[in-house]
Amino acid sequence: QVRLVESGGGLVQPGGSLRLSCAASGSRLSIYTTFWYRQAPGKPRELLATITPGGSTTYKSSVKGRFIISRDNLNDTVDLQMNNLKPEDTAVYYCNTPMATGDYWGQGTQVTVSS
C-alpha cells in the first residue's frame, strides 16, 4: 500500500517562508515524477510545481522565483521551499505522484499566510 504524507505547513506572516515535505511509504518517490498542488477555499486545485526523476522542474508562473521544488534523495522526499509568502498563498497543499500501481495523493497540509 502506497501512502504519501505531506508535512511542514503552518501559519506564517506575509513575506515569510515555509518548507513542505512529501514522503512516501510503500514505494520510492525518487523514481517518479512528483507534483505539488494547492487548493484554496472555493477554488479549484492548481498545479504549482513538478519535478522529474532526473531533477527537471517546472513551475506555475505565479510562484516561479518564490517556490523551489527539490528532491532529498537521502530521505526520499520531495520538498517545496516557499519564500516571500503572500496571503493569496493560503491553501491546503498536496503532493501527488502517479505510479505504476496508481495515482497517489497525500492528505494535504494547511498553509496560512496572515499577519
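Structure data summary
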item: Table column - 3J(HN,Hα) (Hz), the range 102-111, Karplus curve with 6.51, -1.76, 1.60, x for Gly and Pro; result: x, 9, 10, 10, x, 7, x, 9, 7, 10
item: Over the range 27-115, relative contact order from alpha-carbon pairs under 8 Å, at least 6 apart, %; result: 28
item: Bins of 5 Å from zero: percent of alpha-carbon pairs in the range 25-115; result: 3, 13, 25, 25, 18, 10, 5, 1, 0
item: Theoretical gain in end-to-end length, residue 19 to residue 5 [0.36 nm per residue, Cα-Cα removed]; result: 3.6 nm
item: Reduced Cα scattering model of the range 1-74, Debye log10 I(q)/I(0), q = 0.13, 0.25, 0.28 Å⁻¹; result: -0.44, -1.41, -1.50
item: Student exercise, the chain dipole from Lys, Arg, Asp, Glu Cβ charges, in Debye to nearest 20; result: 180
item: Average silhouette area of the range 63-114, convex hull of alpha-carbon atoms, in square nanometres; result: 4.6
item: Integer Hz, Karplus 6.51/-1.76/1.60 couplings in order for the range 81-89, x for Gly and Pro; result: 7, 10, 10, 6, 5, 10, x, 6, 7
item: FRET efficiency for residue 33 and residue 64, using Cβ-Cβ distance with R0 set to 22 Å, rounded to 0.05; result: 0.75
item: Calculated from backbone phi, Karplus (6.51, -1.76, 1.60) coupling profile of the range 17-31 in Hz, x at Gly/Pro; result: 10, 9, 10, 9, 10, 10, 10, 10, 10, x, 6, 10, 5, 5, 9
item: Under 10 Å, Cβ to Cβ, from residue 60 - net charge with Lys/Arg +1 and Asp/Glu -1; result: +1
item: Amide H within-cut-off set for residue 106, under 5 Å, with H built and near neighbours excluded; result: 95
item: The chain, accessible surface, carbon-and-sulfur percent (1.4 angstrom probe); result: 50
item: Cα coordinate range in the range 25-66, projected on the principal axes (Å, largest first); result: 33, 25, 13
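The values are calculated or read from the model by the stated rules, or taken from the named source; none is laboratory data. Predicted model, so just to flag it, every value in this text is computed and none were measured. Cβ sites come from the backbone with ideal geometry, for glycine too, and all protein chains shown count toward neighbours. Ligands, DNA and RNA are stripped out before the accessible areas are found, and what is left, the full protein with its side chains, is counted by its heavy atoms. Shrake-Rupley method; radii C 1.70, N 1.55, O 1.52, S 1.80 Å.
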